[in-house]
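A.B. asks: Before we start, here is the structure in question, set down as structure tokens.
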Amino acid sequence: MKTKPLILLIALSFFHLQLCLAQKEGNIWYFGNLAGLDFNSGAPVALTNGALNTTEGCSSISDANGNLLFYTDGSSIWNRNHVTMPNGTGLLGNTTSTQAGLIVKQPGNPNLYYVFSIFTDFAYSIVDMTLQTGDGDVQAGNKNVLIAAAVNSEKQTATRASNGTDIWITMHEYNTNGFRSYLLTPAGLTMVPVVSNVGVIHNTGQYGQMKFNPQGTKIASGIVSNAGNNVQVLDFDNATGIVSNEIAIANGFSQCYGIEFSPNGSVLYATTNSGTYFVYQYDLNAGSAAAVIASQTNIGSSVSYDATGMQLAPDNKIYVAPTGSGYLDVINDPDVIGVGCNYVHDGMYLNGKTSLLGLPQFVSNLFSAPPHALFSAPNHICPGTCTNFNNLSQGGTSYLWSFAGANPGTSTDVNPTNICYNTPGSYAVSLIATNMNGSDTITLNNYITVYPYPSPQGITQSGDTLTANQGAISYQWYQGGILIPGATNYFYIAQGSGDFNVVCTDNNGCEVEAAIFDVIAGIQSPANGQSSLVIYPNPVGDKLMIQGLLRTDVISVYNLLGEEIIKDVDYQLSTVRPGESVLWQIDCRLFPPGIYSIEVISTNKVLRSNFMKK
């Protein structure tokens, strides 16, 4: 059975409004020497009203509408009025720690925020936004709660867990190759970490950024002054918290400070510094570890500034912070491989304020969007046939399909196959694409069209001629299940006995089959009375020979319309005795190809048979 393919592409669906608003929690930045940015209008606008003056790590958080709540350098916390919170000083971070402070909202509680601080020790403090008449303050009993002592590390980062609710907070130990991942849930922080010992040892490389990709499936680290390898990228299992499968990169410089992933997670960026800073790009889809390393591309450099931090922003651009500059550099198209990523020096003016090493960090998925649901399929098919669906969704991690009128009726496969429709009609298809940031549903009514059943078929036999019902647009005959080459008319003259079938195709491209069994066929046709009729060759090219008739018999030839086209037939033997049979011949050279009938009128009998002109 065939299908008549017609591929339709489903348009991109809209984001869910609530999830789009949630992305505004990272829209206000404060960093460096009193510098700031506001992304609420789409394009960043420089802010000059901040109170933060820090060399390196910082973090800020806004509400779902993009209104500032507070910001931190890991040592102090400033509220939305740019005043330090009453209990918001003396935290265990340090202004010279790469990722000194990290703000994470507690899952399931819109008023509680964990502020993670890292330097000598790793600790958290909880900000309660219901305190200080809504300006927020650190809870007295939850300040500098020690998670791990004497870590001597400057690396911490966060991403959403696979369940879409919990948050993994991961730090790297000093002088080991250990990653510690802690799970923040609605019940609080799980204090027993998942420890993964993998990759290079961070001995003299306790500083330099560490980031998750927006999908929460990769983690990368820049390592300053580490012998040999100073960039590492690894897999992260956001269901278990396990880090594995390191790719260690030695890019030829002793220092790597900045690290960031592109929005789609397939491109990694790293900044290096040895008098001149360079920005390198790595294609994580290049293939093997060697291919990823070989994909290193220098997309920008400067002799004017020190090593720099990087951060993905709500506008899906990556901002680079050259130390001591009044500008930020910008990677405008970070998903693009090569220099087409459009790196621009001095791309964002800070309106008189100064960039230093750090930019505010966030939970990695904060700027990633819900998925786009998108699919295609051959969607005009014949009854009793199956179709396959091509999932073109962007950003999804799981899928739920619904197929009205089909078997099976649902699927969780990425690309469902063998979805079968038996009954003519029009049917809807629905796809729900989901990731940790939400879901997107697209439903197309009447997407699958199942054509009407083809007209029934049958085969009749007249002598050696087998005839199918007319009305199809094409035919193919088979004998014993084997295709007969060239047998593509609605009739077929059997060349031997056996089982025959014909597959007929209608104007929708749908097929129907008929069969006939135990056909007895040959070149001899029985005559009435005591005579017999022998015709050969059949099919005929030039001359048809007829054996076994009397010289006095009358032969006529008719076409399929019943028109008599010949009556006078020559016979080959000119002298015969009365009652003796003769060999007759018919000149068929001028006959169009097709089926013809022979009628023989003899004494007290009429003989008929068919032949085919090639």
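A.B. asks: Somewhere in the stretch 133-146, is a residue at pLDDT 95 or above and closer than 26 Å to residue 246 by Cα?
C.D. replies: no
A.B. asks: Shifting gears a bit: When you go through (1) surrounded by fewer than 20 Cβ atoms within 10 Å (Cβ to Cβ); (2) touching an Asp or Glu at 6+ places or on another chain (Cβ under 7 Å) one by one for residue 120, which number turns out not to apply?
C.D. replies: Status for residue 120: all satisfied but (2).
A.B. asks: Can you name every residue in the stretch 408-431 that is farther than 24 Å from residue 163 by Cβ, of a type in the set (Ser, Thr, Tyr) and open to solvent by 50 Å² or more (accessible area, probe 1.4 Å)?
C.D. replies: 417, 423, 426
A.B. asks: Can you confirm whether the stretch 287-299 contains a residue that is part of a helix (DSSP H, G or I), free of Cβ contacts under 8 Å to residues at least 40 places away in the same chain and open to solvent by less than 40 Å² (accessible area, probe 1.4 Å)?
C.D. replies: Scanning the stretch 287-299, I find at least one residue that is part of a helix (DSSP H, G or I), free of Cβ contacts under 8 Å to residues at least 40 places away in the same chain and open to solvent by less than 40 Å² (accessible area, probe 1.4 Å), so the answer is yes.
A.B. asks: Conditions first: (1) buried (at least 22 other Cβ atoms within 10 Å of the Cβ); (2) of a type in the set (Phe, Trp, Tyr); (3) under 26 Å from residue 298 (Cβ atoms). Residue 349 passes all but one, so which condition is the exception?
C.D. replies: (1) is the only condition that residue 349 fails.
A.B. asks: What are the pairs with Cβ atoms under 9 angstrom where one residue, in the stretch 379-392, is touching a residue at least 12 places away in the same chain (Cβ under 8 Å) and the other, located anywhere, is among the acidic types (Asp, Glu) and not in a strand (DSSP E or B)? Sequence gap at least six, or different chains.
C.D. replies: Pairs found: 382/506; 389/413; 391/413.
A.B. asks: Which residues, taken from the stretch 471-486, are surrounded by 13 or more Cβ atoms within 10 Å (Cβ to Cβ) and without any contact (Cβ under 8 Å) to a residue 12 or more places away in the chain? Explain how you work it out, then say what you get.
C.D. replies: Pass one, the stretch 471-486, residues surrounded by 13 or more Cβ atoms within 10 Å (Cβ to Cβ): 472, 474-479, 484.
Across the stretch 471-486, the qualifying residue is only 484.
A.B. asks: Which of the residues that make up the stretch 142-164 are open to solvent by 50 Å² or more (accessible area, probe 1.4 Å) and over 18 Å from residue 119 (Cα atoms)?
C.D. replies: 160, 162, 163
A.B. asks: Might you let me know whether the stretch 52-60 holds any residue that is at pLDDT below 95, part of a loop (DSSP other than H, G, I, E, B) and open to solvent by 10 Å² or more (accessible area, probe 1.4 Å)?
C.D. replies: Yes, the stretch 52-60 contains at least one residue that is at pLDDT below 95, part of a loop (DSSP other than H, G, I, E, B) and open to solvent by 10 Å² or more (accessible area, probe 1.4 Å).
A.B. asks: Also, quick follow-up: Is it the case that some residue within the stretch 167-183 is over 22 Å from residue 100 (Cα atoms) and surrounded by fewer than 17 Cβ atoms within 10 Å (Cβ to Cβ)? Outline the logic, then answer.
C.D. replies: Filtering the stretch 167-183 down to residues over 22 Å from residue 100 (Cα atoms) leaves none.
No, there is no match, as no residue in the stretch 167-183 is over 22 Å from residue 100 (Cα atoms) and surrounded by fewer than 17 Cβ atoms within 10 Å (Cβ to Cβ).
A.B. asks: Return the total of residues in the stretch 432-451 being open to solvent by less than 20 Å² (accessible area, probe 1.4 Å) and either more than 22 Å from the chain's Cα centre (by Cα) or free of Cβ contacts under 8 Å to residues at least 60 places away in the same chain (or both).
C.D. replies: 1
A.B. asks: Give the stretch 127-141 a look and list any residue that's open to solvent by 60 Å² or more (accessible area, probe 1.4 Å) and either touching a Gly at 6+ places or on another chain (Cβ under 9 Å) or in contact (Cβ under 8 Å) with a residue 12 or more places away in the chain (or both), or say none.
C.D. replies: 130, 132, 140
A.B. asks: Would you tally the residues in the stretch 509-522 being assigned to a loop (DSSP other than H, G, I, E, B) and open to solvent by less than 40 Å² (accessible area, probe 1.4 Å)?
C.D. replies: 4
A.B. asks: Could you go through the stretch 378-389 and let me know if any residue there is open to solvent by 70 Å² or more (accessible area, probe 1.4 Å) and out of contact with any Asp or Glu (no Cβ under 6 Å at 6 or more places or on another chain).
C.D. replies: Yes: the stretch 378-389 contains one or more residues that are open to solvent by 70 Å² or more (accessible area, probe 1.4 Å) and out of contact with any Asp or Glu (no Cβ under 6 Å at 6 or more places or on another chain).
A.B. asks: Let me ask something else about it. Scanning the stretch 546-581 for residues that are at pLDDT 70 or above and more than 17 Å from residue 463 (Cβ to Cβ), which turns out surrounded by the most Cβ atoms within 10 Å (Cβ to Cβ)?
C.D. replies: Top of the filtered list is 553.
A.B. asks: Something else now. Looking at the stretch 494-518, I want the residues that are under 15 Å from residue 465 (Cβ atoms) and have a partner that is of a type in the set (Asp, Glu) and part of a loop (DSSP other than H, G, I, E, B) with Cβ atoms under 7 Å, at least 6 apart or on another chain. Which pairs are those?
C.D. replies: 494/464
A.B. asks: Here is a further query. Which one of the conditions (1) modelled with pLDDT of 95 or more; (2) out of contact with any Pro (no Cβ under 9 Å at 6 or more places or on another chain) does residue 159 fail to meet, given that it meets all the rest?
C.D. replies: Unmet condition: (2).
A.B. asks: Please state which one of 344, 339, 303, 267 is without any contact (Cβ under 8 Å) to a residue 60 or more places away in the chain and over 23 Å from residue 33 (Cα atoms).
C.D. replies: 339
A.B. asks: Which ones in the stretch 101-139 are within 23 Å of residue 366 (Cβ to Cβ), among the charged types (D, E, K, R) and not in a loop (DSSP other than H, G, I, E, B)?
C.D. replies: Matches in the stretch 101-139: 105, 128.
A.B. asks: Output the residues belonging to the stretch 352-377 that are surrounded by fewer than 18 Cβ atoms within 10 Å (Cβ to Cβ) and of a type outside the set (S, T, N, Q).
C.D. replies: 352
A.B. asks: Pick from the stretch 255-286 the residues that are of a type in the set (A, V, I, L, M, F, W, C) and assigned to a strand (DSSP E or B): which of them is surrounded by the fewest Cβ atoms within 10 Å (Cβ to Cβ)?
C.D. replies: The extreme case among them is 278.
A.B. asks: Ok, one more. Can you tell me which of (1) touching a Leu at 6+ places or on another chain (Cβ under 9 Å); (2) surrounded by fewer than 20 Cβ atoms within 10 Å (Cβ to Cβ); (3) closer than 22 Å to residue 436 by Cα is the one residue 393 doesn't meet?
C.D. replies: All conditions are met except number (2).
A.B. asks: I'd like to check which strands (runs of 3 or more DSSP E) are fully inside the stretch 313-388 and have at least 1 residues that are farther than 26 Å from residue 414 by Cβ.
C.D. replies: 318-321, 327-331, 343-349
A.B. asks: In the list 165, 120, which residue meets the criterion of being under 30 Å from residue 437 (Cα atoms) and among the polar types (S, T, N, Q)?
C.D. replies: Working: 120 fails: under 30 Å from residue 437 (Cα atoms).
Of 165, 120, the one residue that is under 30 Å from residue 437 (Cα atoms) and among the polar types (S, T, N, Q) is 165.
A.B. asks: Just to be sure before I move on: is residue 122 modelled with pLDDT of 95 or more, among the aromatic types (Phe, Trp, Tyr) and under 37 Å from the mean Cα position of the chain (by Cα) in the structure I sent?
C.D. replies: Details: modelled with pLDDT of 95 or more: yes; among the aromatic types (Phe, Trp, Tyr): yes; under 37 Å from the mean Cα position of the chain (by Cα): no.
Criteria not met by residue 122.
A.B. asks: Hey, any hits in the stretch 68-76 for a residue that's within 13 Å of residue 24 (Cβ to Cβ) and either of a type in the set (A, V, I, L, M) or open to solvent by 30 Å² or more (accessible area, probe 1.4 Å) (or both)?
C.D. replies: Yes.
A.B. asks: Mind listing whichever residues of the stretch 347-366 are under 35 Å from the mean Cα position of the chain (by Cα) and touching a residue at least 60 places away in the same chain (Cβ under 8 Å)?
C.D. replies: Filtering the stretch 347-366 down to residues under 35 Å from the mean Cα position of the chain (by Cα) leaves 347-348, 359-366.
Matches in the stretch 347-366: 348, 359, 360, 361, 362, 363, 364, 365, 366.
The values are calculated or read from the model by the stated rules, or taken from the named source; none is laboratory data. Keep in mind that this is a model prediction, so the values were computed, not measured. All Cβ positions, glycine included, derive from the backbone under ideal geometry; neighbour counts span all protein chains shown. SASA here: full protein model, heavy atoms, side chains in, ligands and nucleic acids out. Shrake-Rupley method; radii C 1.70, N 1.55, O 1.52, S 1.80 Å.
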